[in-house]
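What follows is one structure encoded as structure tokens, with my remarks underneath.
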Amino acid sequence: MTLRSITSRGLTLVTAILIVTCAAASAEGKTLFAATNGLDTATCGAAASPCRSVSQTIENAGPGDKIIVGPGRYGDLDGDGTFNPLLGEEKAEVGFGCYCMVKVDKPLDIESRDGAAATVLDGGTKNSAVVAISGSNVLLGKKKRGFTLTHGNLGVYISQGTSGVRVEGNLVIANGAPGFRVYGHGNVLSNNRIVANSIAGVELNEQGHVLIGNQIIAHMDGTGTAGLGIVLNGSGHQLSGNIVSGNADRGFDIGGTGGHHFSGNVASGNGTGFDVEFGDGDVFTGNLVNGNGGSGFLIEGGTGHVLTGNAIVGNKGVGVALAGATSAAITKNNIYGNADGAAFPATNCGIFNQSDLLSQAGTIDATNNYWGAPTGPGANPADAAGNLFCDFGQSDTTTRPPATKEFKLKLKTPTGPL
């Protein structure tokens, strides 16, 4: 082999390596910046010349780029309810287009430099979403790198046809409709604080979304009597480690076709903890359901639901209420301290079974639960089940054998173990 051929092969190899390296670097994308001392131009976004608005930074970015937003306030800067890009305000589409203040229509990684408390996206009006995501594989926020999204109609709208969207580490507060309205499939909301929006905290539609480690607190409508933590439509959503508390009506409002999985969530201090209205085959494992003003679980529809390993304790209504032609397997739960007599006088039902209301006699398997006493369900201090007061009509609840001691619930939430 000649020196020339060796050299030629070496150059070819080096060239190939350079091409692959450059392609990889290109695939990673570039980083653009927005800051309150920036100026919107068609070329802004460098660290030395940041954009003023998040919208302009997105417009200048390419698919796969990262955007880092500096501390401060973005949106309706003068508070007049309109958006003027000439003043550095966002390029909002109010009443047309995305009906949003910030539109994310390409795969981007958008995060704040200093976190949600320092970085506010202010919708300024209840007429548009603060952020609307219509592209797949978008990341909005990150742990300690999120945003405060406030004063919009919706906080975040994720549109149909999306997948792989992740929204993390944000504070979504005081919006005029649900904090999140999510379509598409396989989108993920994690470690967000969703507080005091109107109507609901989160609304899930379509299929297979994941909610993990969020705090969803204090939602109500203008009357102060209605307000939902999480609304589920569609099918196959997975929710784990969320705290859903202090919502005026239901903590979890569950519909759709079913197949949802709930594990390690807290439903506390809501009107009702979990309300299953439609759908079949929902599974609830290891959840803490306590201190709700009504029932811990209200199962109004569907068949094949499974409740196992939950702590359903200290709710003002019954622990588990079954209505209509429903069926459920309820085993290895702690069910005690429910139904203080105010909601259901003369009873202390851990399970109130009226699943034969549509002339279909309901037999519920409720064996191997701990009822508050080693002897099983009965008078205080235990909760009752399967007796004249707690089984309605032809409904029948099988409770024996009971568990003789309390099950341990190892629950890990965003604020740590409980």
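The values are calculated or read from the model by the stated rules, or taken from the named source; none is laboratory data. Please read all numbers here as calculations on a predicted model, not as lab measurements. Cβ placement follows ideal geometry from the backbone for every residue including glycine, while neighbour counts extend to all protein chains displayed. Quick note on the areas: whole protein, heavy atoms, side chains included, nothing else; ligands and nucleic acids left out. Shrake-Rupley method; radii C 1.70, N 1.55, O 1.52, S 1.80 Å.
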Check your understanding: more than 17 Å from the chain's Cα centre (by Cα) and at pLDDT below 95, is that true of G296?
Key -> no
**Study point:** Odd one out for T397, checked against (1) surrounded by 14 or more Cβ atoms within 10 Å (Cβ to Cβ); (2) among the polar types (S, T, N, Q); (3) out of contact with any Lys or Arg (no Cβ under 9 Å at 6 or more places or on another chain); (4) at pLDDT 95 or above
**Key:** (4)
Exercise for review: Give the residue, chosen from G273, G255, G269, that is touching a residue at least 24 places away in the same chain (Cβ under 8 Å), closer than 26 Å to A339 by Cβ and in contact with a Lys or Arg (Cβ under 9 Å, 6 or more places away or on another chain).
Suggested key: G273
Check your understanding: Mind checking which residues of segment 196-217 are in contact with a strand residue (DSSP E or B) (Cβ under 8 Å, 6 or more places away or on another chain) and under 19 Å from N153 (Cβ atoms)?
Key -> A196, N197, I199, A200, G201, V202, E203, L204, N205, I216
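Considering each of A342, A382 in turn, give the residue that is modelled with pLDDT of 90 or more and either open to solvent by less than 50 Å² (accessible area, probe 1.4 Å) or in contact with a Lys or Arg (Cβ under 7 Å, 6 or more places away or on another chain) (or both).
Values: A342 fails: modelled with pLDDT of 90 or more.
After ruling out the rest, the residue left standing is A382.
So that you can scan it fast, the table gives a plain yes or no per residue for (1) more than 19 Å from K410 (Cβ to Cβ); (2) outside any strand (DSSP E or B):
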position	(1), (2)
M220	yes, yes
F252	yes, no
F274	yes, no
F284	no, no
G293	yes, yes
T303	yes, yes
Exercise for review: For segment 269-279, indicate whether the set of residues that are among the acidic types (D, E) and buried (at least 21 other Cβ atoms within 10 Å of the Cβ) is non-empty.
Suggested key: yes
Exercise for review: Using the structure shown, decide if S235 is touching a Lys or Arg at 6+ places or on another chain (Cβ under 9 Å) and among the hydroxyl-bearing types (S, T, Y).
Suggested key: no
Review point. Does G152 meet the test of being assigned to a loop (DSSP other than H, G, I, E, B) and either open to solvent by less than 20 Å² (accessible area, probe 1.4 Å) or modelled with pLDDT of 95 or more (or both)?
Key: yes
Practice item. Name the one entry in D105, D109, D65, D80 that is surrounded by 14 or more Cβ atoms within 10 Å (Cβ to Cβ) and either aromatic (F, W, Y) or over 19 Å from E168 (Cβ atoms) (or both). Key: D105
Review point. How many residues are out of contact with any Gly (no Cβ under 8 Å at 6 or more places or on another chain) and on the phi > 0 side of the Ramachandran plot if we restrict to segment 66-105?
Key: 4
Check your understanding: When the residues of segment 167-198 are filtered to those that are β-branched (V, I, T) and open to solvent by 10 Å² or more (accessible area, probe 1.4 Å), which remaining residue is nearest to S235 (Cα to Cα)?
Key -> V188
Check your understanding: Looking only at residues in segment 85-126 that are touching a strand residue (DSSP E or B) at 6+ places or on another chain (Cβ under 8 Å) and of a type in the set (S, T, N, Q), which one is farthest from V165 (Cα to Cα)?
Key -> T119
Study note, to complete from the structure: Output for Cβ contacts, cut-off 7 Å, separation at least six or different chains, first residue closer than 17 Å to L409 by Cβ in segment 367-383, second of a type in the set (D, E), reads Y370/E406; W371/D383; G372/D383
Check your understanding: Taking segment 32-46 as the region of interest, how many residues are aliphatic (A, V, I, L, M), open to solvent by 80 Å² or more (accessible area, probe 1.4 Å) and under 21 Å from L121 (Cβ atoms)?
Key -> 1
